[in-house]
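Have a look at the structure below, then the notes.
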Amino acid sequence: MFDVIVLGGGPAGVTAALRARELGAQVALVERGVLGGTCTNDGCVPTRVLAKAARLMRDTESYAQYGLTGERPTLDFARLLGRTQDIIYGIHEKKQLLDHLGDAGVEVFTKSGSASFIDAHRLKLSASDDVLEGDKFIICVGGHARRLPFPGAELTLTHSDVWSLQKLPRRVAVVGAAATGCQLASIFNDFGSEVTLLELAPRILPGEDSAVSAVVAESFRRHGQQVLTGIGGVESITQANGTLHLHYKHDDAVQTLEVDAVVLAVGWPGNIEALQLENAGVKTERGYVQVDDALRSSAPNIYAAGDITGRMMLVQSASLDARIAAENAVLGSSESYQHRIVPHGGFTDPEYGSVGLTEEQARAQEAVHVAVVQYDETDRAIIDGHTEGLCKLIVSQKTQQVIGAHVVGEQALEVIQMVAAGMASGITVQTLANLELAYPTYAAIVGLAARRILRDTGAAEPAAQWRNLSRRVTVEWERRGRD
Ligand SMILES: Cc1cc2nc3c(=O)[nH]c(=O)nc-3n(C[C@H](O)[C@H](O)[C@H](O)COP(=O)(O)OP(=O)(O)OC[C@H]3O[C@@H](n4cnc5c(N)ncnc54)[C@H](O)[C@@H]3O)c2cc1C
């Protein structure tokens, strides 16, 4: 009998098991396949490797501007996929999860096959028919790419199939323009495929601030992608002579696209099917395990963390929830947490990063100040030739605190981390405006945005003569003429 049995060996499961063990519990971890989860084996790591290669490809366009001459490199796709697997292996080598868990005293069952509940205290492992008994359970089994039930859906790929493609498809349709779809579309485009990105919502990245969607969509189009938003849905896919015909609804008519590959990126439901949760009294909701803010399921001894809860499907959030779930399970506490300040984004070209409320959400909630600064207002963007992008900063009028930031452009995710750290400690726009951010950096754009808010709101009140100048002049070292 274990004190705690953790299901799933991704970021949530590994963190939950280690924390429960650290608190003195006897812990087992059950993983149907290999440790590492979607994050290492099938998601963040391989996507990031391809994004890096895509970036290198795009960078070659500017070599000549920096005096670098010679043949432009071409892509060896098979070699890149080999490199992707090598890096996944390298991450496993670095982490040594099996040894690490073993050294910590966690009993690990890998390649267990799907685990399923016999009742609220017993778990069956399908590969061996072993039955494990536990006092508490933490379900961390993640999710999977949704498949759609239209005719010909079997001809489609998901992101998981991309890592083993035989060759780079010349023409690709990516269905679904949230984070995964946009990243894949961007990568294929940089590799030279003809890409069509299709999305039901009126804009790509529909969960992000509208400014982020607009800049990314505009850039995609400028680099040759076809971006189709507001489609009525995919009707079917047929195949003739090796070409796929993707039939989709747009403006009440059925349109057809001819492509070599269709990649679906249309959602991420939880891996609930195999678990037989009803045997343990665990309720589900919209395809995820239903939990409260203390990560408790409807069964008193069963907790869940990570993607399987459908709360916030990111590695950092999975790990944090897992720590809290483990503490509550072992200590009997009911610490609760809501994900409010979560820096996140995508490695598209250009990259984007966001934290806090979008402008629309913020305005629906309270009166706000908003400033938008274009990337080409910073010296660093000019130096590097990465002038595309913007930073939007959203500040509460009442508290003067930063409540949202959205950045598109070079190193956007790194920039947004800094704002997130400030937000977590309640930073005001005045403090941000006076922060001596290093020069020349991309992050300095946040300081520019903060000072713009102070100027626009009269907090940095200029003298009358200055106000009456024929054109606006700002007191900024990093300024662009004729704002
Ligand atoms: C293409 C892509 C790119 C992504 N990029 C990023 C990124 O850049 N940054 C980021 O933060 N997030 C990213 N994500 C999301 C991130 O991968 C997930 O949020 C994270 O892996 C969730 O961790 P988890 O432990 O909850 O689930 P997972 O990592 O999915 O782990 C779940 C584990 O449970 C196992 N399992 C499933 N069912 C059972 C069962 N019945 N019995 C036993 N074991 C079972 C699975 O085999 C798996 O190993 C990306 C996702 C995708 C798909």
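The values are calculated or read from the model by the stated rules, or taken from the named source; none is laboratory data. Everything numeric in this text was worked out from a predicted model, so none of it was measured. When we count neighbours, we look across all protein chains shown, and the Cβ atoms used for this are built from the backbone with ideal geometry, even at glycine. Side chains are part of the model used for accessible areas, which takes the heavy atoms of the whole protein and leaves out ligands, DNA and RNA. Shrake-Rupley method; radii C 1.70, N 1.55, O 1.52, S 1.80 Å.
Annotations for the structure displayed:
- Against the criterion of solvent-accessible heavy-atom surface with a 1.4 angstrom probe, S160, S112, S334 sort, most first, into S334, S160, S112.
- In terms of its alpha-carbon gyration tensor, segment 143-220 comes out oblate; a/c meets the 1.5 threshold, while b/c is at least as large as a/b.
- Residues with amide H under 5 Å from that of S236, placed H, sequence gap 5 or more: H247
- Taking label positions 7 Å along the Cα-Cβ direction at both A64 and Q26, the computed distance is 7.1 nm, reported to one decimal.
- Separation of the D129 and D292 label points, Cα + 7 Å toward Cβ, nm: 4.0 nm
- Rounded to 0.05, the FRET efficiency of the N301 and A201 pair, given R0 = 35 Å and the Cβ-Cβ distance, is 0.30.
- The three principal axes of the Cα atoms in the chain give end-to-end lengths of 81, 61, 48 Å, sorted in falling order.
- Given in Å, the Rg to one decimal and the Dmax to the nearest whole number for the Cα atoms of segment 299-412 are 18.4, 58.
- The length gained by stretching the chain between V254 and A78 to full extension, at 0.36 nm per residue less their Cα-Cα distance, is 59.8 nm.
- Rounded, prolate or oblate (a/c below 1.5 giving rounded, otherwise prolate when a/b exceeds b/c) for segment 291-335 by Cα gyration tensor: oblate
- Counting charges near I5 (Lys, Arg +1; Asp, Glu -1) among other residues having Cβ under 11 Å from its Cβ returns a value of -2.
- Accessible heavy-atom area order of Y352, Y337, highest first, probe of 1.4 Å: Y337, Y352
- Listed pairs K52/K95; K52/K111; K52/K167 exceeding 26 Å between Cα atoms: K52/K111
- Förster radius 51 Å - calculated FRET efficiency between E71 and T399, Cβ distance, rounded to 0.05: 0.35
- Segment 65-114 and segment 253-321 have Cα centres spaced 25 Å apart.
- When the chain is described by a simple charge dipole with +1 on each Lys and Arg Cβ and -1 on each Asp and Glu Cβ, the residue from G281, A51, M1 located farthest towards its positive end is A51.
- Accessible area per residue was computed with a 1.4 Å probe on protein heavy atoms; K94 scores about 150 Å².
- Compared with the direct C-alpha span, the chain from V342 to H245 gains 31.0 nm at full extension, assuming 0.36 nm per residue.
- Full extension of the chain between S333 and F150 gives 61.2 nm of extra length, using 0.36 nm per residue less the Cα-Cα distance.
- Point-to-point label distance, R122-W477, nm (Cα→Cβ direction, 7 Å offset): 7.1 nm
- Averaged per residue, segment 26-109 has 58 square angstrom of accessible surface, using a 1.4 angstrom probe with ligands and nucleic acids left out.
- Student exercise, the chain dipole from Lys, Arg, Asp, Glu Cβ charges, in Debye to nearest 20: 780 debye
- Average 1/r across all pairs of distinct alpha carbons in segment 137-188, invert it, and you get the Kirkwood radius: 13.0 Å.
- Local charge for A450 was computed over the other residues whose Cβ lies under 15 Å away, with Lys and Arg +1 and Asp and Glu -1, and equals 0.
- Electrostatic dipole magnitude of segment 230-338 [Cβ: Lys, Arg +1; Asp, Glu -1; Cα centre; debye, to 20]: 280 debye
- Cα gyration tensor shape of segment 205-249, rounded if a/c is under 1.5, else prolate or oblate by comparing a/b with b/c: oblate
- When the residues K249, K136, K111, K283 are ordered by accessible surface, computed with a 1.4 Å probe over the protein chains alone, the sequence from largest down reads K111, K283, K249, K136.
- The chain: calculated mean residue ellipticity at 222 nm from DSSP helix runs of at least 4, using -39500 (n - 2.57): -9500 deg cm²/dmol
- Kirkwood hydrodynamic radius over Cα pairs of segment 357-405, then Stokes diffusion coefficient at 37 °C and 0.692 mPa s, in µm²/s: 280 µm²/s
- In Å², nearest 10: area of V106 left accessible to a 1.4 Å probe: 10 Å²
- Among the protein heavy atoms, those of E93 account for about 90 Å² of accessible surface (1.4 Å probe, every chain in place).
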